[in-house]
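The values are calculated or read from the model by the stated rules, or taken from the named source; none is laboratory data. Being a predicted model, the structure only gives us computed values, none of them experimental. Here the Cβ positions follow ideal geometry from the backbone for every residue, glycine too, while neighbour counts run over all protein chains shown.
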Amino acid sequence: MNKRNIYLLTQAVGIGAEAYPEREAARFSGQSLTYVELERRSNQLAHTLIAEGVQRGDRVGIYMNKGLESPVALYGIMKAGAAYVPLDPFAPVGRLSFVIRNCGIRHLVTSDFKLDGVTEMAAQTGLTCAIGLSAPGELPLRTLSWEDVAAAPETPPAVSLTEQDLAYILYTSGSTGDPKGIMHTHRSGLTFAQWGVDTYELRGDDRLSNHAPLHFDLSTFDFFAGALAGATTVIIPEALTKFPVNLSRLIQNERITVWYSVPYALIQLLLNGAMERHDLSSLRWVLFAGEPFPTKHLRPLMARLPEARFSNLYGPTETNVCTFYHVAPLPEDSDEPIPIGEACANVEALVVDGDDRPVAPGDVGELLIRSPLVMRGYWGRPDLTARGFYIRNRFDDGGEIFYRTGDLVTLEPDGNFKYLGRKDRQIKTRGYRVELDEIEVALLSHPGVEEAAVYPVPDGEGSNLIEAAVTARPGAALDVGSLLAHAAERLPPYAVPTKLTILEQFPRTSTGKINRRALQAATTVGTPA
């Protein structure tokens, strides 16, 4: 596809509808939308939203389970000039109502399956319109069905937008307990999508997995880079993500060529997905992001998929992806974590100390990022936005603006960045500074440990105790004593956890990451995690 004149995320679908109208843009549970169908249906939704009062710069919520309506919703909202705000369909209504109020959402794109949630949210928020309900009951707001949407014009609406306009807002957990909205423009989203197409040489015959939910930033790669390449995005039902054998079968039957998910999904695929019984030779790229991938699991996965290349993508939601590392063959005698790699094209990476002074290569510092990939800021939180950025070389007309990732790294001699953990994952215990991620790596090096999570617990005296939890690999017998002895062989005495719990499974966030906050809270109140 000619990307030269594309400056909005929505344009790729329209170009695809003209160039290859009958090519599948999205698939879900055996059904599909061609590019011309996605263009037509997203235009109809955009016209419907505009007729209901949506204006450029408004925020429109998406509240539905994954399906073929997902790309229709996100493209239709952006075509109306608004920013889409995906709401976790499985989150508590109270949390979602906070997001709706915080973001000033008045319009919602939803489905009949979410009628109960919409009813509760309508009573708690300022919602005025819900689209996608065929049997709305007694809702105190205007409702339209998908049949109503299908009666709207099929041509693109006449909305004037530039690359600087908001495209989507993703809400993530905030340190205060309230979610915070991360604002991305068409420019930041499109810059990421174009980088993905170029780096992984995406093409029209590729079939990308959409494993991540819409409210997780990984999903933007699947939809936007896929559309830019004219490829097919295979949307994976939420229920299917819980069953690794079914995922193996889906990769085989759908002939997935590019997989992208958090490491946990791939670990489960390796351990419980019966990969040896399925033909997964269609995979040419296996991409992962979100948290470190333990080498002890990555090595056998790479051996199981010898024809695929593997790549580690790094970047907080605020930056999309800003560094990447194509994984080289892993030595058998080392479980050293893999690097997060080099800066993406059109990205400047800066490593600084606590006084914002650049550190020498090999020294530890916080990673700062300057790029059009970076978010505009936090919705309604200028204080957070100001704290999140650093301005170098200030001039009367501004300066070089970097985003503070909060992640500690070193620049290795080979030019790759090595991730050392969160800046805020460094704690003090018994007067010593300890990196919690270092303790996790030590526990993960035990052959019987599948996953490990380490977290601080206040000791009531102004310091912290270190506690940990692990899960066992299938068939492994673990006991606390041997695990602590294993840790003691690799860590200084003050870094060995004072308490260790063996769990059957970890609590998870809606994006599949270990919920360390839930583990910590359960320990604090003395209840099982």
Practice item. Considering only residues that are in a helix (DSSP H, G or I) and among the acidic types (Asp, Glu), look in region 33-52 and name the one that is surrounded by the fewest Cβ atoms within 10 Å (Cβ to Cβ). Key: Glu37
Review point. Among Gly94, Gly30, Gly104, Gly67, which is in contact with a Phe, Trp or Tyr (Cβ under 7 Å, 6 or more places away or on another chain) and surrounded by fewer than 24 Cβ atoms within 10 Å (Cβ to Cβ)?
Key: Gly67
Review point. Within region 475-484, is even one residue within 16 Å of Val449 (Cα to Cα), of a type outside the set (A, V, I, L, M) and crowded, with 17+ Cβ neighbours inside 10 Å?
Key: no
Check your understanding: Can you name the residue in region 385-413 that is at pLDDT below 95 and among the acidic types (Asp, Glu) and, of all such residues, is surrounded by the most Cβ atoms within 10 Å (Cβ to Cβ)?
Key -> Asp407
Study note, to complete from the structure: When region 110-133 is checked residue by residue, the ones that are acidic (Asp, Glu) and touching a residue at least 12 places away in the same chain (Cβ under 8 Å) are Asp112, Glu120
Revision key, fill the gap. Here the residues within region 362-384 that are outside any loop (DSSP other than H, G, I, E, B), buried (at least 23 other Cβ atoms within 10 Å of the Cβ) and touching a Gly at 6+ places or on another chain (Cβ under 8 Å) are Ile369
Exercise for review: Mind listing whichever residues of region 175-221 are closer than 13 Å to Leu9 by Cβ, in contact with a Phe, Trp or Tyr (Cβ under 6 Å, 6 or more places away or on another chain) and of a type in the set (A, V, I, L, M)?
Suggested key: Ala193
Exercise for review: Confirm whether Glu348 is surrounded by fewer than 19 Cβ atoms within 10 Å (Cβ to Cβ) and either out of contact with any Pro (no Cβ under 9 Å at 6 or more places or on another chain) or in the same structural domain as Tyr260 (by TED's automatic domain parsing) (or both).
Suggested key: yes
Revision key, fill the gap. Selection from region 493-521 of residues basic (Lys, Arg) and farther than 30 Å from Leu87 by Cβ yields Lys499
Review point. What do you reckon, is Asn210 without any contact (Cβ under 8 Å) to a residue 12 or more places away in the chain and closer than 21 Å to Leu68 by Cβ?
Key: no
Review point. What are the residue pairs meeting all of these: first residue in region 27-51, first residue modelled with pLDDT of 95 or more, second residue surrounded by fewer than 21 Cβ atoms within 10 Å (Cβ to Cβ) and among the aromatic types (Phe, Trp, Tyr), Cβ atoms under 8 Å, and 6 or more apart or on different chains?
Key: Tyr35/Tyr20
Check your understanding: If you check Thr232 against the conditions, is it in contact with a strand residue (DSSP E or B) (Cβ under 9 Å, 6 or more places away or on another chain), outside the structural domain of Gly61 (by TED's automatic domain parsing) and among the polar types (S, T, N, Q)?
Key -> yes
Check your understanding: When Glu18 is evaluated against the numbered criteria (1) within 25 Å of Thr172 (Cβ to Cβ); (2) in a helix (DSSP H, G or I); (3) of a type outside the set (S, T, N, Q), which criterion, by number, is the only one it fails?
Key -> (1)
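Quick grid of which residues meet (1) surrounded by 15 or more Cβ atoms within 10 Å (Cβ to Cβ); (2) modelled with pLDDT of 95 or more; (3) part of a strand (DSSP E or B); (4) of a type outside the set (Gly, Ala, Ser):
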| residue | (1), (2), (3), (4) |
| --- | --- |
| Leu139 | yes, no, no, yes |
| Thr155 | no, yes, no, yes |
| Val159 | yes, yes, no, yes |
| Ala167 | yes, yes, yes, no |
| Tyr171 | yes, no, yes, yes |
| Asp178 | no, no, no, yes |
Check your understanding: Based on what the data block shows, is Gly81 in contact (Cβ under 8 Å) with a residue 24 or more places away in the chain, farther than 16 Å from Trp379 by Cβ and assigned to a loop (DSSP other than H, G, I, E, B)?
Key -> yes
